[in-house]
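Asker: Could you have a look at this structure, given as structure tokens, before my questions?
The numbers here are math on the coordinates, done by the rules we state, and not lab data. Nothing here was measured: the structure is a model prediction, and the numbers come from that model. We place every Cβ from the backbone using ideal geometry, glycine too, and count neighbours over all the protein chains shown.
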Amino acid sequence: ETGVTQTPRHLVMGMTNKKSLKCEQHLGHNAMYWYKQSAKKPLELMFVYNFKEQTENNSVPSRFSPECPNSSHLFLHLHTLQPEDSALYLCASSQDGMSGNTEAFFGQGTRLTVV
Amino acid sequence: KNQVEQSPQSLIILEGKNCTLQCNYTVSPFSNLRWYKQDTGRGPVSLTIMTFSENTKSNRRYTATLDADTKQSSLHITASQLSDSASYICVVERKTGANNLFFGTGTRLTVIP
């Protein structure tokens with residue numbers, strides 16, 4: 001275990017549904033990330049939070065809405081997704097998201113299928 | 001443009017054999033390079049980190065090399081085991097700026113008995 005826990009592990013949702021992904025870390029890290037992993041593509045950074053403040057939004061569609069209530073928890077709220085949004089969504093955390101030697105610790109991911 | 005390219009895309013080897021995975025990058029300024037192992041359905045886990053001054057580093061049956069001049073790295077796996085079947089992802093960190101991790105697409109390794 002890496003110390004980063006994601007729930008649920010699997011999620012199937014319709015295009016009109018609203019669901020949320022949850023990520024929790026107890027490593028004392030101050031940066032948390034959402035990544036999208038699609039088949040045969042590198043991990044795509046979606047959102048970054050440093051000290052609970054969002055520092056990056058990589059042109060992610062508004063149907064993905066992140067929330068970071070504290071430095072240990074991160075959510076990704078999903079609304080009216082498209083089938084092409086089906087992917088593995090990975091949460092990660094690191095001690096310092098702004099400087100060198102940033103080892104990212106990943107959760108096990110949520111396998112999302114949009115039908 | 002900051003990029004990380006890995007080869008081969010996939011690889012199948014017999015148990016007990018050795019293999020080498022490649023990573024080429026254009027990320028600059030370079031801070032470090034990590035190799036991650038990602039088992040199916042799980043998140044990536046760091047295997048090793050290479051900094052600018054390091055040429056070779058071993059971790060059990062894994063040996064990573066780095067040539068900072070040619071911007072190439074390799075991951076050599078010795079005496080492969082079935083449990084080595086996974087995706088191996090090369091991640092290069094840029095020295096400056098936020099959100100400075102650049103990921104390769106990974107090499108899918110399958111070890112067969």
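Asker: Considering only DSSP beta bridges where both residues belong to chain B, give the percentage that are antiparallel (nearest 5).
Answerer: Restricted to chain B, the bridges split so that about 90 percent are antiparallel.
Asker: When the convex hull of the C-alpha atoms of chain B is computed, what volume per residue in Å³ does it have?
Answerer: With only Cα atoms used, chain B gives 93 Å³ per residue.
Asker: Arrange B:SER31, B:SER10 by Cβ neighbour counts within 10 Å, fewest through most, would you?
Answerer: Ascending number of Cβ neighbours within 10 Å: B:SER10, B:SER31.
Asker: Could you pull out every Cys in the protein assembly as shown that lacks a partner Cys with its beta carbon under 4.7 Å away?
Answerer: Isolated Cys, the protein assembly as shown: A:CYS68, B:CYS19.
Asker: Over chain A, with a Gaussian network built from C-alpha contacts below 10 Å, which listed residue (A:LYS41, A:LYS18, A:LYS52) shows the highest mean-square fluctuation?
Answerer: Taking springs between Cα atoms under 10 Å, the residue moving most is A:LYS41.
Asker: Between B:PHE30 and residues 5 or more places away or on another chain, which pairs have amide H atoms under 5 Å apart, with H built 1.01 Å from N, and which residues are they?
Answerer: Counting only residues 5 or more places away or on other chains, the set is B:LYS95.
Asker: Relative contact order (percent) for chain B, with alpha-carbon contacts under 8 angstrom and 6 or more residues of separation?
Answerer: 38
Asker: Continuing with this model, one more query. With no solvent and one point per C-alpha, what does the Debye sum give as log10 I(q)/I(0) for the protein assembly as shown at q = 0.11, 0.13 Å⁻¹?
Answerer: -0.55, -0.77
Asker: Provide the percentage of antiparallel DSSP beta bridges, counting only those with both residues in chain A; round to the nearest 5.
Answerer: Bridges in chain A that DSSP calls antiparallel: roughly 90 percent.
Asker: Per-residue HN-Hα couplings for segment B:54-67, Karplus 6.51 cos²θ - 1.76 cosθ + 1.60 at θ = phi - 60°, whole Hz, x for Gly and Pro?
Answerer: Computed from phi, the couplings for segment B:54-67 are 9, 9, 9, 8, 10, 9, 6, 8, 9, 10, 9, 10, 9, 10 Hz.
Asker: Determine ³J(HN,Hα), in whole Hz, for all residues of segment B:36-52 in sequence, where each value follows from phi through the Karplus function 6.51 cos²θ - 1.76 cosθ + 1.60 and θ = phi - 60°; x replaces Gly and Pro.
Answerer: Ordered by residue, 3J(HN,Hα) equals 10, 10, 10, 6, 4, x, 10, x, x, 10, 5, 9, 7, 10, 10, 9, 4 Hz.
Asker: Per-residue HN-Hα couplings for segment A:104-114, Karplus 6.51 cos²θ - 1.76 cosθ + 1.60 at θ = phi - 60°, whole Hz, x for Gly and Pro?
Answerer: My calculation for segment A:104-114 gives 8, 9, 9, x, 7, x, 10, 7, 9, 10, 9 Hz in order.
Asker: While we're looking at this one, here's another question. Using Cα centres only, tell me the gap between segment B:1-45 and segment A:37-85 in whole Å.
Answerer: Here the answer is 24 Å between Cα centres.
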